[in-house]
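Right, one structure below, let's go through it.
The values are calculated or read from the model by the stated rules, or taken from the named source; none is laboratory data. On a predicted model such as this, the values are computed, not experimentally measured, just so you know. Don't worry about glycine lacking a Cβ; one is built from the backbone with ideal geometry, like all the others, and counts go over all protein chains shown. Surface areas here come from the heavy atoms of the whole protein model, side chains and all, with no ligands, DNA or RNA. Shrake-Rupley method; radii C 1.70, N 1.55, O 1.52, S 1.80 Å.
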Amino acid sequence: MPRADSVAGTSAKRPVRCAIYTRKSTEEGLDQEFNSLDAQREACAAYIASQRHEGWEMRPDFYDDGGWSGGNMERPGLKALLADVEAGKIDVIVVYKVDRLTRALSDFARIVDILDAHDASFVSITQAFNTTTSMGRLTLNVLLSFAQFEREVISERVRDKIAASKKKGMWMGGMIPLGYDVVEKKLIVNETEAETVRHIMRRYVQLGSVADLMTALKSEGVRTKVQHCRNGRTRGGGAFGRGALYHLLQNRIYRGEIEYRGEIYAGEHEAIVPVNLWQQVQAALAANRTARKNGTNAKEPSLLAGMIRDADGRTLRPSHATKGSVRYRYYVSVGQGKQDQTVRIPAGDIERAVIDAMVALLDDEIGLVERLAPGDAAVTQRIVEAARGQKLALREAGTSAQRKVLRTLRFEARMKSGVLGAGICPAALAQCLGSEFEPSDDVRWSLALAIAAPDTKRNQSLILPTADQAAVPDMRLITLVVKGQLARRQLFEGGAAIEFSDKHMARLARIGFLAPDIVGAILEGRQPATLTARQLLRAPEIPADWKAQREQFGFDTHGRDRF
């Protein structure tokens, strides 16, 4: 605020330090001797001079943003201006119009907050209003609303113009592609560079790998196109990177075409790559994409890479450790913070368990027919033959082929409550086996995996029972079930008394309500390896619903439940 002081009988005011801010959205015309920024600055300087009696003084610093949009605050000139405001170097910002400062209401609010916090203000020399009153602020907001609307309309017009031009095959600017020069805003073939483009594509067809192509081009001295920017700087002239090569190999400009939002249009420029070479390159790229997806191009492919997650939904990635000449593979998920646990499970154990479970599923021909082809003899035969073929592939094929089968069936695995559950998409299985059955995709068929992965340890291990062990009843578990039945009878029927504490009796009584098929499986030794007497006794709760019990303790739910 102006301050009047009396010095030697005369009235003097505190200098008001004024900074001029100018902006233009495009770079067009900025190279002229007297451009739009100069015109804005000259008008603002004249206004400041007219207020000299109020103590206004113009700072010599230039805060210019030529070629920057007013739709956001990511502008070097504006950032420098606001930094000086916060440093207490500026009292008033002077602009030609409000929309030079910003075209967004949200950004205007942020700028006003900064100005208010440092006792600064701004002035628009062509728009008179007083922001100290509510009516003045309303007027300013209305002006900014129209400025934002104008900006959005201009953006829509530009987008429509670009779309219409590209549909006519016109090149709309940007980085000039290797193989062309620009003459009067049109692409003209540069024969020397065009031969370089064809050489790159022929070498890719020969090598079949972008990584190998990058190495070969570097040794041959092939460089990217040198680009001359409007500000006088140059870009390019270096070795090709992976991204640049992928872009070049797929750039339809080299076929004389223009691509816009997935649509292809005939271009005004001349093609420099023959159609047969283009097709060979695209076929090689497609084959490499499939190989990466199925893992066939990996030196040691991991069967379940990208298909297994931990209890928090984090994808477990393949990892390994080496001790001497022995290589140990794992699936690992790393926590985001210090409190998060790192999950690590042996890859070999889980991969064998998954393959065994898939083979068991396909080996159950009666179960497959009942689910996918009830009462259809022709489909039954197709399903049985296809299941035998897929089973053979899983048993005898390499990891890449096994991985392809799992991806086809949309296999997923996830740890839940310390148990690793897995499932496949029934619709994908039906399609794979030649059935017309159309089950709902949101109901997955679970796989019976005999795997325990307690999530209380940082380095998790798998417990995989052998066939002999799986058939031997667990006497401790059977004893616990019997005690549970006795506790239930004592609780409701007054049976033989059991001398335990009330807390232990309550735990035993819950076990007495286990589903009959779970009790039968325990008596016969067919329970999951994850179900132990300790786990059963210390379970936080045992639901009354039998289906929920089977899911909680890892029993096969006949493929009807999500895992």
I'd like to check something: does region 222-242 contain any residue that is without any contact (Cβ under 8 Å) to a residue 60 or more places away in the chain and aromatic (F, W, Y)? yes
Among all residue pairs at least 6 apart or on different chains, which show Cβ distances below 8 Å where the first residue, located in region 46-60, is over 14 Å from R14 (Cα atoms) and the second is at pLDDT 90 or above and open to solvent by 60 Å² or more (accessible area, probe 1.4 Å)? I48/E57; I48/M58; A49/M58; R59/R17; R59/K89
With the condition kept exactly as written, say whether any residue in region 400-412 is part of a strand (DSSP E or B), within 21 Å of E351 (Cβ to Cβ) and at pLDDT 75 or above. yes
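Residue by residue, here is whether (1) at pLDDT 70 or above; (2) closer than 15 Å to V98 by Cβ; (3) not hydrophobic (A, V, I, L, M, F, W, C) holds:
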position	(1), (2), (3)
A109	yes, yes, no
A117	yes, no, no
F122	yes, yes, no
L144	no, yes, no
Count - residues of region 80-107 that are of a type in the set (A, V, I, L, M), out of contact with any strand residue (DSSP E or B) (no Cβ under 6 Å at 6 or more places or on another chain) and at pLDDT below 90: 2
Considering only residues that are of a type in the set (D, E, K, R), assigned to a helix (DSSP H, G or I), farther than 30 Å from A109 by Cα and in contact (Cβ under 8 Å) with a residue 24 or more places away in the chain, which ones fall in region 141-173? K166, K167
The listed residue being among the aliphatic types (A, V, I, L, M), modelled with pLDDT under 80, open to solvent by 60 Å² or more (accessible area, probe 1.4 Å) and in a loop (DSSP other than H, G, I, E, B), out of I498, I463: I463
Residues (touching a Ser or Thr at 6+ places or on another chain (Cβ under 9 Å), farther than 18 Å from V16 by Cβ and not acidic (D, E)) located in region 54-93: F62, G66, G67, W68, S69, G70, G71, N72, M73, R75, G77, L78
Considering each residue of region 276-310, count those that are open to solvent by less than 70 Å² (accessible area, probe 1.4 Å), modelled with pLDDT under 75 and either under 18 Å from Q206 (Cα atoms) or in a loop (DSSP other than H, G, I, E, B) (or both), and give that number. 5
Just one of I253, I272, I258 is part of a strand (DSSP E or B), open to solvent by less than 70 Å² (accessible area, probe 1.4 Å), in contact (Cβ under 8 Å) with a residue 12 or more places away in the chain and touching a strand residue (DSSP E or B) at 6+ places or on another chain (Cβ under 9 Å); which is it? I258
Does H118 qualify as being in contact with a helix residue (DSSP H, G or I) (Cβ under 8 Å, 6 or more places away or on another chain), open to solvent by 10 Å² or more (accessible area, probe 1.4 Å) and farther than 24 Å from I154 by Cβ? yes
What residue, of I188, I176, is of a type outside the set (D, E) and surrounded by fewer than 16 Cβ atoms within 10 Å (Cβ to Cβ)? I188
Regarding L37, is this residue in a loop (DSSP other than H, G, I, E, B), in contact with a Gly (Cβ under 8 Å, 6 or more places away or on another chain) and over 17 Å from V123 (Cβ atoms)? no
Breaking point among (1) modelled with pLDDT of 75 or more; (2) under 30 Å from the mean Cα position of the chain (by Cα); (3) open to solvent by 30 Å² or more (accessible area, probe 1.4 Å); (4) not basic (K, R), for G337: (1)
Neighbours by Cβ (under 8 Å, 6+ apart or cross-chain): first from region 519-536, of a type in the set (K, R); second not in a helix (DSSP H, G or I): R526/A471
Would you pick out the residues in region 193-241 that are open to solvent by less than 60 Å² (accessible area, probe 1.4 Å), in a helix (DSSP H, G or I) and of a type in the set (S, T, N, Q)? T196
Identify, by number, the condition in (1) among the aliphatic types (A, V, I, L, M); (2) under 28 Å from F146 (Cα atoms); (3) surrounded by 14 or more Cβ atoms within 10 Å (Cβ to Cβ); (4) more than 37 Å from the chain's Cα centre (by Cα) that M58 doesn't meet. (2)
Based on what the data block shows, is K225 in contact with a strand residue (DSSP E or B) (Cβ under 6 Å, 6 or more places away or on another chain), modelled with pLDDT of 85 or more and over 22 Å from Q279 (Cβ atoms)? no
